[in-house]
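Student: Sharing a structure below in structure tokens format, with a few things to ask.
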Amino acid sequence: MNTEEVARKVVELTRKQAWHDALDLYDDDIVSVEASGMGGSPETRGKEGVRGKIDWWVNSMNVHSFDVQGPFVAHDRFVVLYDADVSDKKTNQRHKMSEVGVYTVKDGKIVREEFLPRVA
């Protein structure tokens with residue numbers, strides 16, 4: 001797949017909240033970077049590390065709505081805008097989140113993703 005095809009597939013799968021299905025689009029050596037780490041480094045390496053982040057999300061959050069806009073594609077990169085309304089399963093605290101995912105594709109697989117949150 002080329003970058004645009006990968007980008008469209010990411011959007012399709014995230015709109016369905018098919019997080020685990022999206023793992024097929026990732027390179028085995030993916031580098032995933034969050035704005036802040038969940039108790040550690042913001043950088044996760046490897047497909048299994050990304051699977052762990054997905055598992056954490058699914059087990060920790062109730063998703064009330066999840067809006068996906070994009071993709072915005074150029075060369076080997078694309079950007080997707082995510083807006084979510086979620087509640088923490090442990091505390092029931094509800095909040096809205098907005099961030100962009102910036103992705104880099106090589107040989108038909110995502111080799112890097114970085115999430116940048118909207119600041120108020």
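Student: Tell me whether region 82-92 contains one or more residues that are in contact with a His (Cβ under 9 Å, 6 or more places away or on another chain), exposed (fewer than 13 other Cβ atoms within 10 Å of the Cβ) and over 16 Å from VAL33 (Cβ atoms). Spell out the reasoning first.
Tutor: The initial filter retains those residues of region 82-92 that are in contact with a His (Cβ under 9 Å, 6 or more places away or on another chain), namely 84-88.
With exposed (fewer than 13 other Cβ atoms within 10 Å of the Cβ) added as a condition, the list becomes 88.
Now drop any that are not over 16 Å from VAL33 (Cβ atoms), which leaves 88.
Yes, there is a match, as at least one residue in region 82-92 is in contact with a His (Cβ under 9 Å, 6 or more places away or on another chain), exposed (fewer than 13 other Cβ atoms within 10 Å of the Cβ) and over 16 Å from VAL33 (Cβ atoms).
Student: Could you tell me whether any residue of region 31-41 is surrounded by fewer than 13 Cβ atoms within 10 Å (Cβ to Cβ), small (Gly, Ala, Ser) and within 13 Å of the chain's Cα centre (by Cα)?
Tutor: yes
Student: Need pairs with beta-carbon distance below 8 Å; first residue within 9 Å of SER32 (Cβ to Cβ) and within region 104-120, second surrounded by fewer than 13 Cβ atoms within 10 Å (Cβ to Cβ); sequence gap 6+ or separate chains.
Tutor: Pairs found: PHE115/ALA35.
Student: Still on this model: Would you confirm whether or not region 39-61 contains a residue that is assigned to a strand (DSSP E or B) and touching a residue at least 24 places away in the same chain (Cβ under 8 Å)?
Tutor: The initial filter retains those residues of region 39-61 that are assigned to a strand (DSSP E or B), namely 43-45, 61.
Now drop any that are not touching a residue at least 24 places away in the same chain (Cβ under 8 Å), which leaves 61.
Among the residues of region 39-61, at least one is assigned to a strand (DSSP E or B) and touching a residue at least 24 places away in the same chain (Cβ under 8 Å), which makes the answer yes.
Student: Step by step: first the residues of region 68-81, then only those that are surrounded by 12 or more Cβ atoms within 10 Å (Cβ to Cβ), of a type outside the set (Val, Ile, Thr) and assigned to a strand (DSSP E or B), then the one that is nearest to the chain's Cα centre (by Cα). Which residue is that?
Tutor: LEU81
Student: Quick one: how many residues across region 52-76 are farther than 15 Å from GLN17 by Cβ and at pLDDT below 95? Before you say what the answer is, go through the steps one by one.
Tutor: As a first pass, look at region 52-76 and keep what is farther than 15 Å from GLN17 by Cβ: 52, 69-76.
Applying the additional criterion that residues be at pLDDT below 95 yields 52.
So the count comes out to 1.
Student: Only one of these is in a strand (DSSP E or B), closer than 22 Å to ARG118 by Cα and without any contact (Cβ under 8 Å) to a residue 12 or more places away in the chain: HIS64, HIS95. Name it.
Tutor: Within the list HIS64, HIS95, the selection yields HIS95.
Student: Now for a separate question. Does ALA22 qualify as being part of a loop (DSSP other than H, G, I, E, B), within 13 Å of the chain's Cα centre (by Cα) and of a type in the set (Gly, Ala, Ser)?
Tutor: Criteria not met by ALA22.
The values are calculated or read from the model by the stated rules, or taken from the named source; none is laboratory data. Small disclaimer: the values here were computed from a predicted structure and weren't measured. Positions of Cβ are generated from backbone atoms using ideal geometry, with glycine treated the same way; all protein chains shown enter the neighbour counts.
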